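Colleague: Pasting a structure below so you can have a look.
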């Protein structure tokens, strides 16, 4: 289900334009047309249609007001028509009962994709389904697919035609500014270029903001509390709270500048620290190996300093460059995953006490690398402020202890501490 975001003012709901088509497809397969093997052809053909319609957005990131009722009406209308379809009211029938006939009929329903004008992907999908379920032996099944797709795409086309502003670049509302507010634990901030674009689009005064961000890169952001000092008058701004998504160890890319993507500088540093732990680079390391690897990780400090100075996001191109630099430095110092790499043993799930945790850290050989880690293993069971390190997954707790030792030694703790709780990203 695509993510729906809320504005701080008025509690309005917003959605990324590039997620609207995904929402339509999700609603389609979440109803009576279940996402099962029988409906795989419908899912595949709908996906081809969606990719073609996405071209109009040119990878630009825009948020638009989300009207739940409007999408529910579309879903119900399509479900009603497909449910009431009978043998007698079907528009399309197969005469030759061949794969080519099916291909031609479906192709007529689809818009032309500039990257695949010959409908190569469509033919591949249909060929696969034909091999599993030959057309000549399953005529009614393929007729059903064609007729259901006709209903779906006809209604989708009508919905797009009736709501053009949802499916193209640009915002027609000159009275309301829409600006993303990145909601992190340690701060809330906005991209200056987005704020500037919206102010200019709505004809607002931008003198103060221009002076404040002269010579700044596109990823420069302002703290939320500082934004209002740079606005003239009282523009109607809808700040849309965007929590930064992340998995356990990795950040999730978010749309940035004109088709580019970025992640938080804090998340990027954390990801590299977690990578060193997962790869076992500290397992049984000598003092020299440990110090060399710590030196490489400490070299990421400039990203965290930049975070404090307004550069809180890192573009994908820079992430790739930094990742290559770290790998090259590790190779230069002979740092690699140990030949006898040890994974956390399943026994840790049977003994989740301090003693069990310390036994596993010793087994991995990180107690010699980080002598303080055994004391930390004790502390996370005793000190409330370290409770966040002791997750329900005992495997993760073993990794957390190593990550925390690296963060402490690298001098990064201030960026990952919030109130009295450690290990917050």
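Colleague: Of the conditions (1) surrounded by 15 or more Cβ atoms within 10 Å (Cβ to Cβ); (2) over 36 Å from the mean Cα position of the chain (by Cα), residue 371 clears all except one; give me its number.
Modeller: Of the numbered conditions (1) surrounded by 15 or more Cβ atoms within 10 Å (Cβ to Cβ); (2) over 36 Å from the mean Cα position of the chain (by Cα), the odd one out for residue 371 is (1).
Colleague: Still on this structure, please answer the following. Please specify each residue of region 21-41 satisfying the condition of being closer than 20 Å to residue 112 by Cα and touching a helix residue (DSSP H, G or I) at 6+ places or on another chain (Cβ under 6 Å).
Modeller: Passing the criteria: 21, 25, 41.
Colleague: Next question. Checking the conditions here, which among 172, 155, 150, 183 is modelled with pLDDT under 90 and either out of contact with any helix residue (DSSP H, G or I) (no Cβ under 6 Å at 6 or more places or on another chain) or crowded, with 17+ Cβ neighbours inside 10 Å (or both)?
Modeller: Only one candidate passes the filter, namely 183.
Colleague: I would also like to ask the following. Among the residues that make up region 392-413, is at least one of them touching a helix residue (DSSP H, G or I) at 6+ places or on another chain (Cβ under 7 Å), modelled with pLDDT under 80 and either buried (at least 19 other Cβ atoms within 10 Å of the Cβ) or at negative phi (or both)?
Modeller: no
Colleague: Right, another one. Going by the conditions given, is residue 50 out of contact with any strand residue (DSSP E or B) (no Cβ under 9 Å at 6 or more places or on another chain) and either surrounded by fewer than 18 Cβ atoms within 10 Å (Cβ to Cβ) or part of a loop (DSSP other than H, G, I, E, B) (or both)?
Modeller: So residue 50 passes the test.
Colleague: Taking region 323-372, which residues are under 15 Å from residue 296 (Cβ atoms) and in a helix (DSSP H, G or I)?
Modeller: Within region 323-372, 323, 324, 325, 326, 327, 328, 329, 330, 331, 332 meet the criteria.
Colleague: Between 315, 293, 297, which is at negative phi and in contact with a helix residue (DSSP H, G or I) (Cβ under 6 Å, 6 or more places away or on another chain)?
Modeller: Result: 297 is the single residue among 315, 293, 297 that is at negative phi and in contact with a helix residue (DSSP H, G or I) (Cβ under 6 Å, 6 or more places away or on another chain).
Colleague: Consider residue 321 against the criteria (1) in contact with a strand residue (DSSP E or B) (Cβ under 8 Å, 6 or more places away or on another chain); (2) more than 19 Å from residue 292 (Cα to Cα); (3) at pLDDT 95 or above: it satisfies all of them except one. Which criterion is unmet?
Modeller: Result: residue 321 passes all but (1).
Colleague: Moving on to the next point. Anything in region 253-283 that is farther than 30 Å from residue 60 by Cα, in contact with a helix residue (DSSP H, G or I) (Cβ under 8 Å, 6 or more places away or on another chain) and not in a helix (DSSP H, G or I)? List them, or say none.
Modeller: 280, 281, 282, 283
Colleague: Among the residues of region 210-233, is there at least one that is under 19 Å from residue 6 (Cβ atoms) and in a loop (DSSP other than H, G, I, E, B)?
Modeller: Looking through region 210-233, none of the residues is under 19 Å from residue 6 (Cβ atoms) and in a loop (DSSP other than H, G, I, E, B).
The values are calculated or read from the model by the stated rules, or taken from the named source; none is laboratory data. Small disclaimer: the values here were computed from a predicted structure and weren't measured. Glycine also receives a Cβ, built like all others from the backbone with ideal geometry; neighbour counts cover every protein chain displayed.
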